[in-house]
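Please read the structure below before turning to the comments.
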Amino acid sequence: MKRGLLMALVVVVALDAAPAPAAEDAYGERRQRMVQEIAAHALSAGNLSGRPALDDRVMAAMARVPRHAFVPEDRRESAYDNRPLPIGYGQTISQPYIVALMTDLLELEADHVALEVGTGSGYQAAILAELVSRVYSIEIIEPLARAAAARLNRLGFDKVATRHGDGYYGWEAYAPFDVIIVTAAASHVPPPLIAQLKPGGRMVIPVGSSFLTQYLMMVEKDSQGRVTNRQILPVRFVPLKGGP
Ligand code: SAH
């Protein structure tokens with residue numbers, strides 16, 4: 001009787017404590033491997049992207065944020081593969097290399113305020129939150145917006161504010177932004193986003209037709225407010241909805 005109770009206690013304690021750290025360790029190792037794959041990918045794509053090595057701070061953020069917590073339950077085993085994954089509603093969480101490259105291109109500073117268009121799972125927003133002071137992120141599909149907000153809150157990413165809405169028009173109330181990242185492909189750079197970029201600010205955005213040729217573009221606004229665009233590399237994103 002006594003022994004039975006003790007056994008039961010041991011089982012309860014074991015269920016409560018042991019499996020979680022073990023699983024965390026397994027994910028930790030996979031996350032390290034993912035970071036190595038990102039580094040290798042960056043090197044091999046370096047001629048195209050102009051960024052053969054990504055910023056250490058970006059890589060450290062990729063090594064910290066638990067990507068498995070941002071993918072659907074049944075995709076967790078693939079969470080640290082260097083490829084995009086479906087997140088429902090026809091949308092995807094971007095490939096880790098692309099997340100890292102776009103983050104690197106923004107040249108983030110600790111006091112920056114960032115706008116993201118296309119919250120999706122919330123993963124990119126979480127990576128940004130590791131590197132800047134405030135992140136505003138907009139998602140047009142309401143259930144995704146709601147799920148991402150709850151997830152970011154649960155994981156403690158309290159620098160991120162999210163909103164359900166059409167990010168084509170930006171987030172006027174918190175503009176201007178030091179950096180803007182758009183994670184869905186637009187046919188053109190939305191003029192409201194250019195207007196909401198600070199002088200000296202940078203925006204990365206995939207531009208091109210829905211599923212055909214798209215280019216990751218770097219949009220820079222200089223201190224005089226002059227805007228220049230340049231192509232970084234060909235990419236493939238889900239289309240940006242909304243707009244006029
Ligand atoms: N950054 C996301 C990737 C999401 S995929 C992540 O880390 O998981 C692109 C997202 O953009 C999709 O969720 C899609 O619904 C959203 N989207 C498309 N058009 C939009 C718009 N006009 N405004 C806000 N979000 C939009």
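The values are calculated or read from the model by the stated rules, or taken from the named source; none is laboratory data. Since the structure is predicted, the reported quantities are computational estimates derived from the model, not experimental observations. Glycine also receives a Cβ, built like all others from the backbone with ideal geometry; neighbour counts cover every protein chain displayed. Accessible surface is based on the protein model in full, side chains and every heavy atom, while ligands, DNA and RNA are left aside. Shrake-Rupley method; radii C 1.70, N 1.55, O 1.52, S 1.80 Å.
Worth a mention:
- The stretch 225-244, subset β-branched (Val, Ile, Thr) and within 16 Å of the ligand (Cβ to nearest atom), residue nearest to residue 96 (Cα to Cα): 235
- Scoring residue 97 on the criteria (1) part of a loop (DSSP other than H, G, I, E, B); (2) in contact with a helix residue (DSSP H, G or I) (Cβ under 6 Å, 6 or more places away or on another chain) leaves a single failure, condition (1).
A quick yes/no check of all residues on (1) in a helix (DSSP H, G or I); (2) within 8 Å of the ligand (Cβ to nearest atom); (3) within 29 Å of residue 233 (Cβ to Cβ); (4) of a type in the set (D, E, K, R):
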residue: 125; (1), (2), (3), (4): yes, yes, yes, no
residue: 135; (1), (2), (3), (4): no, no, yes, no
residue: 147; (1), (2), (3), (4): yes, no, no, no
residue: 173; (1), (2), (3), (4): yes, no, no, no
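- Subset tally (residues that are among the small types (Gly, Ala, Ser), outside any loop (DSSP other than H, G, I, E, B) and within 17 Å of the chain's Cα centre (by Cα)) for the stretch 176-199: 1
- The test for being within 26 Å of residue 55 (Cβ to Cβ) and of a type outside the set (Phe, Trp, Tyr) does not hold for residue 213.
- Residue under evaluation residue 30, criteria (1) farther than 14 Å from residue 123 by Cβ; (2) among the basic types (Lys, Arg); (3) open to solvent by less than 20 Å² (accessible area, probe 1.4 Å), criterion not met: (3)
- In the set (1) within 13 Å of the ligand (Cβ to nearest atom); (2) in contact (Cβ under 8 Å) with a residue 40 or more places away in the chain; (3) among the acidic types (Asp, Glu), residue 142 fails one condition alone, (2).
- Matching residues in the stretch 88-101 - criterion: being open to solvent by less than 10 Å² (accessible area, probe 1.4 Å) and either more than 9 Å from the ligand (Cβ to nearest atom) or of a type in the set (Lys, Arg) (or both): 96, 97, 100, 101
- Considering 170, 225, the condition of being at positive phi and either modelled with pLDDT under 95 or surrounded by 15 or more Cβ atoms within 10 Å (Cβ to Cβ) (or both) is satisfied by 170 alone.
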